[in-house]
Amino acid sequence: DRRDEVIAYVTEKYGKDRVAQIVTFGTMAARAAVRDAGRALGVPLPEVDKVAKMIPSGPTGLSIGQALEQIPDLKLSYAGNPQIRKLLDTAKDIEGLARNAGTHAAGVVISAGPLIDYAPLVKFGDGGINTQFDMVWVEKIGLLKMDFLGLRNLTVMNSAVGEIRRTVDPEFDLAKIPDDDARTFDMLGRGETMGVFQLESDGMKRVCVELKPSRFEDIIALVALYRPGPMDWIPQYISNKHGRTKPTYLHPKLEPILRETYGVAAYQEQVMQMARDIAGFTMGEADELRKVMGKKQKEKIPIYRERFITGAMAFSDISRDLADRIFLFIEPFAGYGFNKSHAAAYGWIAYQTAFLKANHPLQYLSALMTSVKDRTDKLAEYIDEAKKVGIHVLPPDINESLVDFAVVGDRIRFGLAAVKGAGEAAVRAIIEMRTNEGRFKDIFDLARRVDVKSVNRRVFEALIKCGALDELTGNRAQNLGALDTAMELAARTARDAELGQASLFGDVSVHAESMAPSLPNIAAPGAREKLAWEKETLGIFVSGHPLSDVQGYLVRQGATLVKDLRAGEDDSPVTVAGMVTSVRRTLTKTGQQILIAQLEDTSGSCDVVVFSKIYPSVQHLFGTDRILIVKGRLRLRERRGATPGEEPPVELSVGVNEVSIFEPPARAFEPQLVRGWHVEVLSRDQIDRLAALVDEWPGEAPIVMHARGRTQQLARTIAPDPRLRTELERIFGRGNIREGAPEPV
């Protein structure tokens, strides 16, 4: 998030007239061409929309010409309707033309002299200067193009360091951490790499467990080797490292070059060094050899092979046969070798993130969650990771939460900015008021004190639904019921302040306090409704999950958890079960109808795809919030556009063969009843909150309180329902409750 500062730096260093960003042109795709042509020709919008939707878009999209050949319905419309024919013919003429201009995501040009001497320039609305030549032509005319890429992990580390300084050590400096931290390498050796840069894929976890990295150089080698091609040498690297096999070297000069990677040539620099030390190449010549081998320029390889053999015979005094064997040894590595300086830079970020997670898991996981607050799938993964290492993630709280996720004691508190509909400006206004004037007492106190211009009704509703006001007076339903009154109070308070009522009638807050309204008498919402509100406002379930009662039963019936699917093999048979959260019906590029639904269980969500063959017989089963059991085949596909050196991200889905609605037997929803609860009480406030919970969940289970060495059983009892555990954990903390009957004194 500090990329702009880097651009400002080079602009200052080299001159404003010599630095510019690069234009990028958005072209007219097929659907956009149809819609623009339809607007110009006056074709009714529903007709245009119908035609546009027949043309598949996205990475596998078709041009208009291809769509007319492959999609029968479109071909019929074109042949039978003159208006549609004219629409599509016109759209074909403008398809592919530049439609708009913008700024390239990463490219920056730095020139030797004023840029106006080399390229036409353009200024966009944001005031930035861009070349009018795109990135291809910028290079063709000989300008230097730099890529300044923003890396989310740097922001995460910066946030984590800020939290460490706030909560643990004000002097903490990430630049001064040791590069041999035992706790870090132990964690990597256990494969606990979720959230660690470059190392968090399932494949990399397995390699870390096998390798047991023990030094920084192992991480550099992993970054370089974990790619198609070099991956084949990872078992040899691991075997040599642990002494199961011994590295062998064709010539003594190779040992000092390859010793650090246990006889495996992992880096381009090693290839160049071997050419220099064995065959006497200059480093420039060695780089040319690397390029020829790396780019597989077959016509040039025999020339360089002969030069290498001749040079090795003269420079190292070895036989032609040995020189040839050394060249054959080098050749495959040169084809796949990775730039060591790049691998070292990536490896250092990987080590830093691992160090933070191993030594400061609260602060690091908090920063990770903040970085993905708008990506609910990753947020759910990181919250699950926190649970695994014994860290409890608390829901949003109007009196505790900061803007982003933050450390509170030994827990992580949801940030208010993660609440959908709240908005960062509104959140900052709320926190500023709380900081200046103290904690909020109830919804009316909140309404009186915040600026209604920045904290509007939508913000109030989102905060109530997500549970941020749960610790104030009243339940979520009561606060929603009081929303109209609260907003009227907020508006009146703002009006009074503007008109100077405080000076006429005394202090506004005192005047308002005396007229404080009361909450309506509304029953607390049920667990399912609360969960639905949390999903709506946070994107995830916080206080529980609709499937939590039956997930264990589904797994026992053969369903694989979504989070475990990535460890499976492509095209293997799988069974998944979960709740349908979205359904989309679309056409393939050949015009066949398919359905794509998102299925969610307690561990995550995945797409399930119903193809045309079974679409007619099962599509009616896919309804939102319905629990389905799906049998099919796992589909793992690499997503395009991975950063060089990174493992390509994998898109996961299940191709459907069979679908059935989950109809649980009665016992699936009948969890074993608890005999009672023991709770460790730390404050009077906890007793008051427990009393409110007893009102909401009356029953026969006894409650025993333990406080300061004393034990007392409450006169009142609560429902013997294990689902209460989540609520009790919220009140007393995970480590301060346990199930069990009262113990005899």
Regarding the chain, what whole-number volume in Å³ per residue does the convex hull of its Cα atoms give? 259
Any residue on another chain or 5+ positions along whose placed amide H is under 5 Å from the amide H of I110 is listed here as L144, M146
So for segment 518-604, considering every pair of alpha-carbon atoms, how many percent are separated by more than 16 Å? 67
Note down the accessible area of F327, probe 1.4 Å, to the nearest 10 Å². 0
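Do the sum for the chain: with -39,500 (n - 2.57) for every DSSP H run of n ≥ 4, divided by all residues, what is the mean residue ellipticity at 222 nm, to the nearest 500 deg cm²/dmol?
Details: 32 runs with 334 residues, N = 745.
Calculated at 222 nm, the ellipticity per residue is -13500 deg cm²/dmol.
Students sometimes get this wrong: rank T282, T131 by accessible area, probe 1.4 Å, all chains present, largest first.
On the way: T282 75, T131 0 Å².
Output order, biggest surface exposure first: T282, T131.
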What net charge is computed for the residues neighbouring S454, neighbours being all others with C-beta under 11 Å from the C-beta of S454, Lys and Arg scored +1, Asp and Glu -1? -1
Among K387/K613; K176/K387; K373/K530, the pairs whose Cα-Cα distance exceeds 32 Å are K387/K613
Counting pairs of alpha carbon atoms under 8 Å apart in space and at least six apart in sequence, what relative contact order in percent does the chain give? 8
Segment 403-415 - phi-based ³J(HN,Hα) in whole Hz, Karplus 6.51/-1.76/1.60, Gly and Pro as x: 4, 10, 4, 8, 7, 10, x, 9, 10, 10, 9, 3, x
With +1 assigned to the C-beta of every Lys and Arg and -1 to the C-beta of every Asp and Glu, and no other charges, what is the dipole magnitude of segment 263-342 about the Cα centre in debye, to the nearest 20? 300
One point scatterer per Cα, no solvent, Debye formula: log10 I(q)/I(0) for segment 156-213 at q = 0.12, 0.20, 0.26, 0.28 Å⁻¹ comes out as -0.36, -0.83, -1.02, -1.06
Table column - 3J(HN,Hα) (Hz), segment 420-433, Karplus curve with 6.51, -1.76, 1.60, x for Gly and Pro: 5, x, 7, x, 5, 5, 5, 4, 5, 5, 5, 5, 4, 5
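Expected output is a single nm value to one decimal: the length gained when fully extending between H342 and S454, i.e. 0.36 nm times separation in residues minus the C-alpha distance. What is it? All intermediate terms of the calculation are to be shown ahead of the outcome.
Numbers: separation 112, 0.36 × 112 = 40.32 nm, distance 4.56 nm.
Gain in length upon complete extension: 35.8 nm.
Just to verify a number: FRET efficiency for D173 and R684, C-beta to C-beta distance, R0 = 35 Å, to 0.05?
Efficiency computed from Cβ-Cβ geometry: 0.25.
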Mind ordering 144-157, 182-195 by average Cβ neighbours within 10 Å, highest first? 182-195, 144-157
Quick one: give the max-minus-min coordinate of the C-alpha atoms of segment 79-166 along each principal axis, largest first, in Å. 71, 41, 24
Hey, what did segment 298-429 get for relative contact order, percent, Cα under 8 Å, at least 6 apart? 14
With all protein chains modelled, accessible area of R637 [1.4 Å, Å²]: 110
Taking Cα pairs closer than 8 Å and at least 6 residues apart, the relative contact order of segment 289-350 in percent is 37
Set of segment 107-143 residues, backbone N closer than 16 Å to the point 7 Å along the Cα-Cβ line of A98: 119-125, 129-141
In nm, spacing of pseudo-spin labels at V403 and D324 (7 Å Cα→C-beta vector): 6.8
Sort out for me the Cα centre separation of segment 278-351 from segment 553-598, rounded to whole Å. 47
Per the 1/(1 + (r/R0)^6) rule, R0 = 30 Å and r from the Cβ atoms of D147 and K420, FRET efficiency to 0.05 is 0.35
What is the pair-distance distribution P(r) of segment 250-373, computed from all Cα-Cα distances in 5 Å bins starting at 0, with each bin given as a whole percent? 2, 11, 18, 19, 14, 8, 6, 6, 6, 5, 4, 2, 0
Measuring from centroid to centroid over Cα atoms, what is the spacing of segment 91-117 and segment 12-46 in Å? 10
Alpha carbon centre of segment 178-247 versus segment 427-483: separation in Å? 49
Could you tell me the calculated FRET efficiency between A707 and K563, based on Cβ-Cβ distance and R0 = 45 angstrom, to the nearest 0.05? 0.70
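Test of understanding: what is the full-extension gain from L45 to I614, defined as 0.36 nm times their sequence separation minus their Cα-Cα distance?
On the way: separation 569, 0.36 × 569 = 204.84 nm, distance 3.27 nm.
Net length gain for the segment: 201.6 nm.
Which percent, to the nearest 5, of DSSP beta bridges fully inside the chain are antiparallel? Walk me through the numbers before you get to the answer.
Numbers: 60 of 72 bridges.
Looking only at bridges with both residues in the chain, the antiparallel portion is about 85 percent.
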If each of E299 and E651 carries a label point 7 Å out from its Cα toward its Cβ, how far apart are those two points in nm? 3.8
The simple spin-label model distance between A105 and I737, using points 7 Å out along Cα→Cβ, in nm, is 4.4
In the neighbourhood of A334 defined by beta carbon distances under 13 Å, the net charge of the other residues (Lys, Arg +1; Asp, Glu -1) is +2
Under the rule of at least 5 residues apart or a separate chain, name every residue whose amide H is placed under 5 Å from the amide H of A101. G26
Note: D126 to R244 extended length (0.36 nm per residue) minus current alpha-carbon separation gives 36.4 nm
Would you kindly calculate the translational diffusion coefficient of segment 567-625, applying Stokes-Einstein with the Kirkwood radius from alpha carbon pairs, for 20 °C and a viscosity of 1.002 mPa s, and quote it in µm² s⁻¹ without decimals? 171
Derived scalar couplings ³J(HN,Hα) [segment 468-481; Karplus, 6.51 cos²θ - 1.76 cosθ + 1.60; whole Hz; x for Gly, Pro]: 5, 9, 4, 7, 8, 5, x, 8, 4, 5, 5, 5, 5, x
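The values are calculated or read from the model by the stated rules, or taken from the named source; none is laboratory data. Predicted model, so just to flag it, every value in this text is computed and none were measured. Cβ coordinates were reconstructed from backbone atoms using ideal geometry, including for glycine residues, and neighbour counts include every protein chain displayed. Quick note on the areas: whole protein, heavy atoms, side chains included, nothing else; ligands and nucleic acids left out. Shrake-Rupley method; radii C 1.70, N 1.55, O 1.52, S 1.80 Å.
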